[in-house]
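Enquirer: I have a structure I would like to understand better, so I am pasting it below and will then ask my questions one at a time.
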Amino acid sequence: MPGRLEGKVAFITGAGRGQGRAHAVRLAEEGADVIVTDAPAQVEHMNYPTASAGELAETVRQVESLGRRIVAGAIDVRDLAGMKAFVSDAVARLGRLDVIIANAGIDITGPWHAQTPEIWQTTLDVNLTGVYNTVLAGVDGLLAAGGGSIIMTSSANGLKAGPFNMAYNVSKFGVVALAKSLAMELAKDGIRVNTVHPGSVDTPMGVGARDGFEPGREENPNLYGMITKWMPGLIDPSEISNLMVYLASDESKWATGGAFVVDGGLSSY
Ligand SMILES: NC(=O)c1ccc[n+]([C@@H]2O[C@H](COP(=O)([O-])OP(=O)(O)OC[C@H]3O[C@@H](n4cnc5c(N)ncnc54)[C@H](O)[C@@H]3O)[C@@H](O)[C@H]2O)c1
């Protein structure tokens, strides 16, 4: 039986590990070729590491072992010129582009006053402007293909603010506004734009961000209690990839401007 994404090419940021790698592998299993990027160096102010070159190489190995083609690059999502040059070269090599998954992100947690202007700026630059840059780097490919699917990874915190996560909350709410704005304007070009809202996922971010809540605990134990209640367990990245396959495929051809939630109820109370 042919895969659900046979003949398609997808561009995925932050694919060195975690959800991004899971999406690359899952889409490849369904027949897609992939273009992937991850950070070339540690992003400043974070309290957990960004992916290494070795981790990105492991994503390449896993996709190639499925018999699919992959083009990988170490490019920061904040580097618009670098992203554009890399994606246009990769699209020329793989022949087309049908899907953009803007997945790269960071989460620097702590009480609001500990989130310095520098942390605020870095978070918005990576999580919001980085998503915009990802669209700018890939949209010509989708237009040339006669349409496609743009999927932006927001968060449960893009629907409901989480405590001790101010800059992240703002960036992830912003992603929703960006997706809805583009969904309206790109519909005429056959391009769909949706957001995905994971809960707490079992990745270095999920674990690192949770550990970073500790400073807020001393300051406001009531809010800390809310967080632990929301985190009974961590979601496996593959659960989010299943939704990505649906949104990347023609099965979701009427879905645009939507906010798709896989959060174990995190944003619903
Ligand atoms: N893990 C969670 O609990 C959770 C919950 C909701 C939403 N999300 C979102 O899911 C997405 C994927 O996160 P994850 O859970 O896989 O965590 P992760 O930290 O494992 O993966 C994020 C990836 O983005 C990369 N990255 C960070 N800054 C970058 C930059 N400037 N340029 C290029 N790449 C960069 C990292 O190196 C890493 O490989 C993120 O947008 C995150 O905000 C995660």
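Enquirer: Specify which of the listed residues (Thr122, Thr134) is within 12 Å of the ligand (Cβ to nearest atom), surrounded by fewer than 24 Cβ atoms within 10 Å (Cβ to Cβ), part of a helix (DSSP H, G or I) and among the β-branched types (Val, Ile, Thr). Quick ask: steps written out before the conclusion?
Expert: Working: Thr134 fails: surrounded by fewer than 24 Cβ atoms within 10 Å (Cβ to Cβ).
Testing whether each residue is within 12 Å of the ligand (Cβ to nearest atom), surrounded by fewer than 24 Cβ atoms within 10 Å (Cβ to Cβ), part of a helix (DSSP H, G or I) and among the β-branched types (Val, Ile, Thr) leaves just Thr122.
Enquirer: Considering only region 91-103, I want to know if a residue exists there that is among the small types (Gly, Ala, Ser), surrounded by 19 or more Cβ atoms within 10 Å (Cβ to Cβ) and near the ligand (Cβ under 9 Å from one of its atoms). Let's see the steps before the verdict.
Expert: First, pick out the residues of region 91-103 that are among the small types (Gly, Ala, Ser): 92, 95, 102.
When the remaining residues are screened for being surrounded by 19 or more Cβ atoms within 10 Å (Cβ to Cβ), the result is 102.
Going one step further and asking which of them are near the ligand (Cβ under 9 Å from one of its atoms), we end up with 102.
Yes; the residues of region 91-103 include at least one that is among the small types (Gly, Ala, Ser), surrounded by 19 or more Cβ atoms within 10 Å (Cβ to Cβ) and near the ligand (Cβ under 9 Å from one of its atoms).
Enquirer: Would you say Gly82 is more than 9 Å from the ligand (Cβ to nearest atom), part of a helix (DSSP H, G or I) and either out of contact with any strand residue (DSSP E or B) (no Cβ under 9 Å at 6 or more places or on another chain) or not aromatic (Phe, Trp, Tyr) (or both)?
Expert: yes
Enquirer: Ala156: of a type in the set (A, V, I, L, M), surrounded by fewer than 19 Cβ atoms within 10 Å (Cβ to Cβ) and either closer than 26 Å to Asp189 by Cβ or within 11 Å of the ligand (Cβ to nearest atom) (or both), yes or no? Working first, answer last.
Expert: On the way: of a type in the set (A, V, I, L, M): yes; surrounded by fewer than 19 Cβ atoms within 10 Å (Cβ to Cβ): no; either closer than 26 Å to Asp189 by Cβ or within 11 Å of the ligand (Cβ to nearest atom) (or both): yes.
So Ala156 fails the test.
Enquirer: Just to be sure I understand the filter: pairs with C-beta atoms under 8 Å, separated by 6 or more residues or on different chains, first member in region 19-46 and within 20 Å of Leu80 (Cβ to Cβ), second member acidic (Asp, Glu) and within 15 Å of the ligand (Cβ to nearest atom). Which pairs pass?
Expert: Short answer, once both residue conditions are applied: Gly20/Asp38; Asp38/Glu55; Ala39/Asp76; Pro40/Asp76; Ala41/Asp76; Val43/Asp76; Glu44/Glu118.
Enquirer: Now, a different point. Residue check, Asn47 against (1) closer than 25 Å to Ser155 by Cα; (2) part of a strand (DSSP E or B), all met but one. Which one?
Expert: (2)
Enquirer: While we're on this one: Looking at region 1-32, which of its residues are under 18 Å from the mean Cα position of the chain (by Cα), surrounded by fewer than 24 Cβ atoms within 10 Å (Cβ to Cβ) and of a type in the set (D, E, K, R)?
Expert: Of everything in region 1-32, those that are under 18 Å from the mean Cα position of the chain (by Cα), surrounded by fewer than 24 Cβ atoms within 10 Å (Cβ to Cβ) and of a type in the set (D, E, K, R) turn out to be Arg17, Arg26.
Enquirer: Let me ask something else about it. Tell me yes or no: at least one residue of region 55-75 is crowded, with 16+ Cβ neighbours inside 10 Å, more than 9 Å from the ligand (Cβ to nearest atom) and modelled with pLDDT under 95.
Expert: no
Enquirer: Tally the residues that are over 17 Å from Leu182 (Cβ atoms) and either free of Cβ contacts under 8 Å to residues at least 24 places away in the same chain or acidic (Asp, Glu) (or both), restricting the search to region 117-150.
Expert: 4
The values are calculated or read from the model by the stated rules, or taken from the named source; none is laboratory data. From a predicted model like this one, the values you see are computed outputs, not experimental measurements. When we count neighbours, we look across all protein chains shown, and the Cβ atoms used for this are built from the backbone with ideal geometry, even at glycine.
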